Amino acid sequence: MSPRRPRLLRPALAVATAAVLGLTAAVAFDVVPGASAANSTPLAATATHGHEQAATSEATQEAKAGASTVAPTTEHSTAHGEKAASTATSKAAAQSTTSKAAATTDAPIHVMKMPKGKWINVDKKAWAAQLADFKTTKPRKVKAGAKMNPEFNATCSYSHSGKNDPIVFPNQTGASHLHSFYGNKITKANTTVDDLMKFTATTCVPKKDHSSYWVPSLTNKATGKKVQPNMLIAYYGSLLDDKNKKKTVPMPNGMRMIYGDASKQVKTPAGSRDAFYCSGGPLEGKSRSTDGNWPVCGDGGTVHFMMRFPDCWDGKHLDSPDHKSHVSYGSQGDCPKAFPVRIPAMTFSIYYPTHGSKAGYSLSSGMASSMHADAFIAWDVKTMNDRVKSCVRQLATCASNGKF
């Protein structure tokens with residue numbers, strides 16, 4: 001018998017409204033004392049990526065405008081979410097400057113220059129076969145009382161660390177800054193999609209997710225010790241209008257995506273977008289680190305980060321030279337014409353087992369603003385097809401084990 005799930009508190013309207021107005025940094029969680037991070041309920045979320053910011057909240061249904069983030073779901077947690085969006089402000093644009101414009105920090109920051117990659121074409125035969133299987137996949141019947149928010153997820157624990165990045169620095173062992181890896185345990189500099197599909201040992205549930213996910217490693221400045229996220233949940237959902245003829249389809253295996261900018265070295269004071277925040281207690285922290293860039297959480301809260309990847313694909317390439325140009329964000333319920341294929345919107349919810357520190361932290365990529373993440377997709381085809389057909393297409397919430 002599974003353990004009884006703690007009762008979760010309901011959303012706070014003031015926090016949710018502030019998020020929609022662009023006054024908060026990421027996601028607010030209302031955490032009951034004794035509840036694990038996996039059992040936290042999201043109240044509101046924002047995620048800025050160039051031109052777009054997404055926000056979601058039960059308490060702000062009237063603000064929906066065609067896009068949203070995905071609410072967390074695990075075996076013992078429920079999800080909610082309404083579609084809402086607001087555009088990024090000039091303040092966010094002003095923060096896109098690079099390290100040369102950054103404020104001074106305790107020590108010089110060496111920003112690694114990202115080499116130019118290449119276009120990687122999708123395997124047309126494999127993609128056609130996956131779509132053919134998807135077309136014949138019969139959706140499972142949604143059970144009465146199921147949560148109706150189109151999503152499924154992979155819940156992953158920490159796997160290993162290494163100065164490797166098979167997307168940015170393929171076949172160049174030790175060329176990257178230090179990363180913390182989640183999911184497929186084989187991931188290293190020369191890992192390919194074939195490796196991921198062959199060597200399938202993973203730290204994720206479901207085990208049929210053979211993907212690899214990674215983020216820059218975090219160090220506590222006071223102790224010099226690494227703080228590894230104890231959980232990374234990858235949510236796959238729909239932020240678009242799937243009620244019309246255009247429908248979300250599975251991601252092709254081998255797809256690579258990067259969120260964020262490792263070269264972005266700017267301050268992230270309270271109120272910044274794309275910033276670390278507190279899961280539990282005041283969103284921006286009960287106080288801030290000495291440099292002002294990190295929250296110091298109160299009331300039992302812990303440090304958290306959330307980010308959302310694009311949900312529209314060009315249908316031709318698994319990767320691009322900048323690892324972003326083959327995908328784009330949808331808006332107003334649809335995808336841009338140049339990116340016609342709707343894929344699940346992937347959202348990372350990253351849990352750090354720390355309440356914060358007055359001394360602050362540093363990422364292996366530099367300041368807090370350089371937070372980023374990589375995703376190298378590799379799912380068992382039938383499992384991915386079922387999740388999209390049964391969960392996303394039917395606008396139903398599925399836990400990491402696939403159950404409604």
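The values are calculated or read from the model by the stated rules, or taken from the named source; none is laboratory data. The shown structure was predicted, so the numbers you read here are calculated from the model rather than taken from an experiment. Note that each Cβ is placed from the backbone with ideal geometry, even for glycine, and that neighbours are counted across all protein chains shown. The accessibility values were calculated without ligands, DNA or RNA, using every heavy atom of the protein model including side chains. Shrake-Rupley method; radii C 1.70, N 1.55, O 1.52, S 1.80 Å.
Summary table
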item	result
Every pair of residues 6+ apart whose Cβ atoms lie under 9 Å, when the first sits in the stretch 183-206 and is outside any helix (DSSP H, G or I) while the second is of a type in the set (A, V, I, L, M) and surrounded by fewer than 16 Cβ atoms within 10 Å (Cβ to Cβ)	Asn184/Ala201; Lys185/Ala201; Ile186/Ala201; Ala189/Ala175
Selected residue [within 28 Å of Trp313 (Cα to Cα), open to solvent by less than 60 Å² (accessible area, probe 1.4 Å) and in contact with a helix residue (DSSP H, G or I) (Cβ under 8 Å, 6 or more places away or on another chain)] from Phe152, Phe181, Phe169	Phe152
Residue selected from the stretch 101-126 under the condition more than 15 Å from Asp314 (Cα to Cα), surrounded by 15 or more Cβ atoms within 10 Å (Cβ to Cβ) and of a type in the set (A, V, I, L, M), by the criterion modelled with the highest pLDDT	Met114
Flag for Ser349 being crowded, with 22+ Cβ neighbours inside 10 Å, among the polar types (S, T, N, Q) and in a strand (DSSP E or B)	yes
Residues located in the stretch 254-284, provided they are within 29 Å of Pro170 (Cβ to Cβ) and of a type in the set (Asp, Glu)	Asp261, Asp274
Among residues of the stretch 377-392, those that are open to solvent by 10 Å² or more (accessible area, probe 1.4 Å) and either modelled with pLDDT under 95 or hydrophobic (A, V, I, L, M, F, W, C) (or both), counted	1
Residue among Ala144, Ala129 that alone is modelled with pLDDT of 95 or more, within 28 Å of Val249 (Cα to Cα), of a type in the set (A, V, I, L, M) and surrounded by fewer than 17 Cβ atoms within 10 Å (Cβ to Cβ)	Ala129
Hits in the stretch 291-329 - residues which are assigned to a loop (DSSP other than H, G, I, E, B) and among the aromatic types (Phe, Trp, Tyr)	Trp294, Phe309, Tyr329
Matching option when the condition is in contact with an Asp or Glu (Cβ under 7 Å, 6 or more places away or on another chain) and of a type outside the set (S, T, N, Q), among Ala128, Ala132, Ala154	Ala154
Check on Lys337, under 28 Å from Lys247 (Cα atoms), within 18 Å of the chain's Cα centre (by Cα) and either outside any strand (DSSP E or B) or at pLDDT 95 or above (or both)	no
Residue in the stretch 382-389 that is of a type in the set (S, T, N, Q) and part of a loop (DSSP other than H, G, I, E, B) present	no
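So that you can scan it fast, the table gives a plain yes or no per residue for (1) outside any loop (DSSP other than H, G, I, E, B); (2) on the phi > 0 side of the Ramachandran plot; (3) surrounded by 24 or more Cβ atoms within 10 Å (Cβ to Cβ):
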{"position": "Ala234", "(1), (2), (3)": "yes, no, yes"}
{"position": "Asp242", "(1), (2), (3)": "no, no, no"}
{"position": "Lys247", "(1), (2), (3)": "no, no, no"}
{"position": "Gly254", "(1), (2), (3)": "no, yes, no"}
{"position": "Ile258", "(1), (2), (3)": "yes, no, no"}
{"position": "Lys264", "(1), (2), (3)": "no, no, yes"}
{"position": "Ser272", "(1), (2), (3)": "no, no, no"}
{"position": "Pro282", "(1), (2), (3)": "no, no, no"}
{"position": "Gly285", "(1), (2), (3)": "no, yes, no"}
